[in-house]
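Remarks on the structure that follows.
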Amino acid sequence: MRKTLILLSAVLVFACEKKEEAPKDYVTFSGTITNPNSDSVVIRTRDYSKTLKVNEDGTFSDTLKVKPGIYNLFDGAESTSIFLKNGYEINMTLDTKMFDETAKYSGEGSEHSNFLAAKALKEEKLLDFEELSAIEDMETLEKTLDGIKSELSEFYASNTNIDTLITNGATKNLEPMLASYKRYVGQAIALKNELPKGATSPTFEDYENIDGSKTSLADLKGKYVYIDVWATWCGPCKAEIPALKAIEKEYHDKNIQFVSLSIDDDRTHGGSWDKAREDWKAMVKDKELGGIQIFAPKGWQSDFVQAYKITGIPRFILVDPDGNVVTPDAPRPSSNKLKELFTELNI
């Protein structure tokens with residue numbers, strides 16, 4: 001009987017130990033965000049969303065029940081990708097001032113998210129749109145993209161310990177991603193061939209100014225003209241406003257005029273041109289926009305917009321003091337390349 005009781009006790013202890021060692025059916029996700037943009041972060045996919053509270057000191061911690069996969073972490077201003085799987089215990093550190101560059105993960109399962117972070121930085125470096133747009137011909141672009149394809153393919157296969165949901169997905173998406181870049185950069189190359197440096201610039205005449213007067217491109221001859229084609233509903237356009245205001249201030253006494261051309265139209269304002277104008281004027285006032293603020297009379301169909309083959313915004317154009325094209329696709333205000341271009345032109 002004594003032997004039976006000892007054996008039974010051993011079985012019970014073993015059973016308890018096995019139960020305690022059973023894998024968790026949730027992820028423990030914690031971290032510290034320096035310079036947080038919000039009091040919460042959102043973890044989401046198309047069919048999943050959970051908001052995690054961020055404390056005043058930037059720390060957060062929560063548990064999530066998830067399907068294995070890549071999730072988006074949004075902090076209220078920017079986002080990054082993480083890989084989650086039940087049973088993982090991941091800790092994240094992040095400084096929003098250098099978002100992707102500072103995202104680091106530790107703990108069980110963290111290697112997959114660190115790989116995603118490295119992947120994002122590598123793709124961003126290799127697929128720099130401004131660098132690619134500097135290419136002058138399609139043959140060079142195709143050779144460049146072939147080289148990028150080889151380098152990224154090698155990177156995706158560089159760590160066999162990374163979950164195949166990540167690596168297989170990256171490999172599958174590589175061709176479509178490069179095809180997209182080829183298409184958009186190809187359009188930029190074609191644009192520069194059709195409107196090369198030194199060609200007479202298309203013009204606009206008597207476009208409505210914010211104060212009710214009229215402005216024509218010919219009125220601005222004698223100065224370089226940096227034209228920002230934008231709209232009130234365009235997120236990337238509005239994201240450039242702080243940089244645009246800063247560069248306007250820096251170059252206010254130089255030989256350059258800054259023009260913002262709104263292509264707000266009836267289609268994007270409830271079928272009303274009056275509403276489009278009202279919203280344009282309201283945002284110019286609210287954002288305290290400087291420079292010359294003008295309104296394209298036919299939106300996307302305006303002659304100037306059509307002549308510059310603008311199909312996406314923001315678009316930035318630089319015209320020289322004689323009314324000739326410097327570039328039909330100038331660097332954005334937020335790009336260091338814009339100041340480099342201004343320096344090259346002795347503006």
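Residues in the stretch 112-171 that are assigned to a loop (DSSP other than H, G, I, E, B), acidic (Asp, Glu) and over 30 Å from VAL27 (Cβ atoms): ASP128, GLU136, ASP137. With respect to THR327, determine if the residue is touching a Lys or Arg at 6+ places or on another chain (Cβ under 7 Å) and under 19 Å from LEU132 (Cβ atoms). Spelling it out, THR327 is indeed touching a Lys or Arg at 6+ places or on another chain (Cβ under 7 Å) and under 19 Å from LEU132 (Cβ atoms). Listed by first and then second residue, the pairs linking a residue in the stretch 175-201 that is outside the structural domain of LYS309 (by TED's automatic domain parsing) to a residue that is small (Gly, Ala, Ser) and not in a loop (DSSP other than H, G, I, E, B), with Cβ atoms under 8 Å apart and 6 or more places separating them unless they lie on different chains, are VAL185/SER133; ALA188/SER133; ILE189/SER133.
Scanning the stretch 130-150 finds one or more residues that are surrounded by fewer than 19 Cβ atoms within 10 Å (Cβ to Cβ), within 15 Å of the chain's Cα centre (by Cα) and touching a residue at least 12 places away in the same chain (Cβ under 8 Å).
Do the conditions hold for ASP329, that is, is it in a loop (DSSP other than H, G, I, E, B), farther than 20 Å from GLN187 by Cβ and among the acidic types (Asp, Glu)?
no
For the stretch 257-270, the condition of being within 25 Å of PHE129 (Cβ to Cβ), over 23 Å from the mean Cα position of the chain (by Cα), at pLDDT 95 or above and crowded, with 16+ Cβ neighbours inside 10 Å holds for at least one residue. Filtering the stretch 151-167 to residues that are under 24 Å from the mean Cα position of the chain (by Cα) and of a type outside the set (A, V, I, L, M) leaves GLU151, SER153, PHE155, TYR156, THR167.
Taking THR63, is it under 20 Å from the mean Cα position of the chain (by Cα), β-branched (Val, Ile, Thr) and in the same structural domain as VAL27 (by TED's automatic domain parsing)? Break it down stepwise before answering.
Details: under 20 Å from the mean Cα position of the chain (by Cα): no; β-branched (Val, Ile, Thr): yes; in the same structural domain as VAL27 (by TED's automatic domain parsing): yes.
Criteria not met by THR63.
Considering only residues in the stretch 172-202 that are hydroxyl-bearing (Ser, Thr, Tyr) and in a helix (DSSP H, G or I), the one that is surrounded by the most Cβ atoms within 10 Å (Cβ to Cβ) turns out to be TYR181.
Does any residue of the stretch 238-260 turn out to be assigned by TED's automatic domain parsing to the domain that holds PHE316, touching a helix residue (DSSP H, G or I) at 6+ places or on another chain (Cβ under 6 Å) and without any contact (Cβ under 8 Å) to a residue 40 or more places away in the chain? Checked the stretch 238-260: at least one residue is assigned by TED's automatic domain parsing to the domain that holds PHE316, touching a helix residue (DSSP H, G or I) at 6+ places or on another chain (Cβ under 6 Å) and without any contact (Cβ under 8 Å) to a residue 40 or more places away in the chain.
Filtering the stretch 211-235 to residues that are within 22 Å of PRO314 (Cβ to Cβ) and at pLDDT below 95 leaves only GLY235.
The values are calculated or read from the model by the stated rules, or taken from the named source; none is laboratory data. Worth saying up front: this structure is predicted, and the values here are computed from it rather than measured. No Cβ is skipped: glycine too gets one built from the backbone with ideal geometry, and neighbour counts run over all protein chains shown.
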